Amino acid sequence: MKLTDNVLRSFRVAKVFRENSDKINCFDFSPNGETVISSSDDDSIVLYDCQEGKPKRTLYSKKYGVDLIRYTHAANTVVYSSNKIDDTIRYLSLHDNKYIRYFPGHNKRVVALSMSPVDDTFISGSLDKTIRLWDLRSPNCQGLMHPQGKPVCSFDPEGLIFAAGVNSEMVKLYDLRSFDKGPFATFKMQYDRTCEWTGLKFSNDGKLVLISTNGGFIRLIDAFKGAVLHTFTGYNNSKAVTLEASFTPDSQFIMIGSEDGKIHVWNGETGMKVAVLDGKHTGPITCLQFNPKFMTFGSACSNMAFWLPTIDD
């Protein structure tokens, strides 16, 4: 089944789960699309089965808190940042609920965490104004960048380069093999003092970069030239909430939640809005991602909703 405007418009909430007592700050689909792992401000980690559409188990990280949870390539393991005590990144085995390794280094809150799509490398960005490069097999930082500002960062789909959004006004591209030489490209954007950049994502075809903000707009830029292709607006975000924006897996559509529980979807090529879907969320939709393998997506406030299309195109 191919994603079209009509199929997107037909999506409805199929299931809602109320496993959390506070907002879900992050979730991540496993690479095979079969499970979802979520982290919440209530210090819990909830694992969902996408095929059966139900929660499988709940783990807790009471001492450190849990944020920015990401699957690694090894089955049943995740990395996540802390939102209490310290700013160490933790590598957890879900299988026996034990830490495999710690990654100390940042001394302020980690605001970005991105796993390489191809190997055991990952990058983290922090309010300490550094980006660190890590390998799951070693507790020692493999590389350190000082991008001169608050960074958000992400790998490209081939794991060869990574992008850093710095000070909410520049996108810098680094080659993983020679990042110590500095960025090989820098794109300067128009600075908007009304909001900050909160995330950066590549499309699966590697041609586009999506910049999310805590304001009322998100930007789509050309990953090679840095030109702004579209600025998407018209969704509610008056309280400067960090709302996750996402591409669909075919790189064709961009979606974001809003503070009023609605999801807005645009066509990336034309820039036209194709759908507004009502998730009936009780709070702002802080997390939103499309399943990498199946025709479903998830959205979360303190509740987790799974969506399915209601037409067969």
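Quick note: the coordinates plus some simple rules give every number you see, no bench work behind them. Since we're looking at a predicted model, the values are computed, not measured. Virtual Cβ from ideal backbone geometry, glycine too; neighbours counted across all protein chains shown.
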Alpha-carbon Rg with Dmax, taken over the chain, Å: 18.2, 51
Residues of type aspartates and glutamates that residue 108 reaches as a straight line, Cα spacing below 13 Å, ignoring anything fewer than 8 places off in the same chain: 86, 87, 128
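In debye to the nearest 20, how big a dipole does region 1-142 give about its Cα centre with +1 on each Lys and Arg Cβ and -1 on each Asp and Glu Cβ? Please list the in-between numbers first.
Working: 21 positive and 18 negative charges, 38 e Å.
So the magnitude is around 180 debye.
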Compute the FRET efficiency between residue 137 and residue 193 as 1/(1 + (r/R0)^6), taking r as their Cβ-Cβ distance and R0 = 41 Å, and round to the nearest 0.05. 0.45
To the nearest Å, what is the center-to-center distance of region 115-129 and region 174-226, using C-alpha atoms only? 15 Å
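Once you have the Cα-Cα distance between residue 109 and residue 224, take 0.36 nm times their residue separation minus that, and quote the gain in nm to one decimal.
Working: separation 115, 0.36 × 115 = 41.40 nm, distance 3.03 nm.
That works out to 38.4 nm of additional length.
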What are the ³J(HN,Hα) values, in whole Hz, obtained from phi via the Karplus relation 6.51 cos²θ - 1.76 cosθ + 1.60 with θ = phi - 60°, for each residue of region 136-142 in sequence order, with x given for Gly and Pro? 4, 7, 9, x, 7, 5, 8
Contact order normalised by residue count of region 135-174, Cα under 8 Å, 6+ apart, percent: 28 percent
Is the shape of region 176-294 best called rounded, prolate or oblate, per the rule: a/c under 1.5 gives rounded, else a/b larger than b/c gives prolate, else oblate, with a ≥ b ≥ c the square roots of the Cα gyration tensor eigenvalues? prolate
Gap in Å between the Cα centre of region 3-58 and the Cα centre of region 93-109? 22 Å
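Is the C-alpha gyration tensor of region 140-207 telling us rounded, prolate or oblate? Criteria: a/c under 1.5 is rounded; beyond that, a/b larger than b/c is prolate, otherwise oblate. Working shown, then result.
Working: a/c = 1.86, a/b = 1.32, b/c = 1.41.
In terms of gyration-tensor shape, oblate.
In debye, nearest 20, what is the charge dipole magnitude of the chain about its Cα centre with +1 on Lys and Arg Cβ and -1 on Asp and Glu Cβ, if you could check?
Values: 36 positive and 35 negative charges, 101 e Å.
Roughly 480 debye, rounded to the nearest 20.
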Which residues' amide hydrogens lie under 5 Å from the amide hydrogen of residue 112, considering only partners 5 or more residues apart or on another chain, with H built in the peptide plane? 125
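Loop only by DSSP, 15 or fewer other Cβ within 10 Å of the Cβ. Give me the trypsin sites (Lys or Arg not before Pro) in region 1-54 that pass, ordered by residue number.
2, 18
Given N residues in region 53-172, what is Rg(Cα) / (2.2 N^0.38 Å)? All intermediate terms of the calculation are to be shown ahead of the outcome.
On the way: Rg = 14.2 Å, N = 120, 2.2 N^0.38 = 13.6 Å.
After normalising by residue count via 2.2 N^0.38 Å, the value is 1.05.
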Selected from 164, 210, 55, residue furthest toward positive end of dipole (the chain; charges at beta carbon): 164
In region 180-313, lysine pairs closer than 27 Å at Cα, eight or more apart or cross-chain: 26
Between residue 244 and residues 5 or more places away or on another chain, the pairs with built amide H atoms under 5 Å apart involve 257, 287, 288
Which whole-number percentage describes the relative contact order of region 74-191, with Cα contacts under 8 Å and a sequence gap of 6 or more? 15 percent
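Let me make sure I get this right: for region 102-195, a, b and c are the square roots of the gyration tensor eigenvalues over alpha carbons, sorted descending. Under 1.5 in a/c it's rounded, otherwise prolate if a/b > b/c, else oblate. Which is it?
Details: a/c = 1.95, a/b = 1.35, b/c = 1.44.
Oblate.
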Using each residue's phi in region 34-42, evaluate 6.51 cos²θ - 1.76 cosθ + 1.60 at θ = phi - 60° and report the 3J(HN,Hα) Karplus result to the nearest Hz, with x for Gly and Pro. 8, 9, 10, 10, 10, 10, 9, 5, 8
Choose one of 310, 287, 272: the residue whose Cα lies farthest towards the positive end of the charge dipole of region 232-313 (beta-carbon charges +1 Lys, Arg; -1 Asp, Glu; about the Cα centre). 287
³J(HN,Hα), Karplus 6.51/-1.76/1.60, whole Hz, each residue of region 59-64, x for Gly, Pro: 10, 10, 10, 4, 5, 9
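For region 61-199, what is the charge dipole size about the Cα centre, in debye to the nearest 20, if Lys and Arg each add +1 at the Cβ and Asp and Glu each add -1 at the Cβ?
Numbers: 18 positive and 15 negative charges, 91 e Å.
For this selection, approximately 440 debye.
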Per DSSP helix of 4 or more residues, -39500 (n - 2.57); summed, then divided by the residues of the chain. What does that give at 222 nm, rounded to the nearest 500? -500 deg cm²/dmol
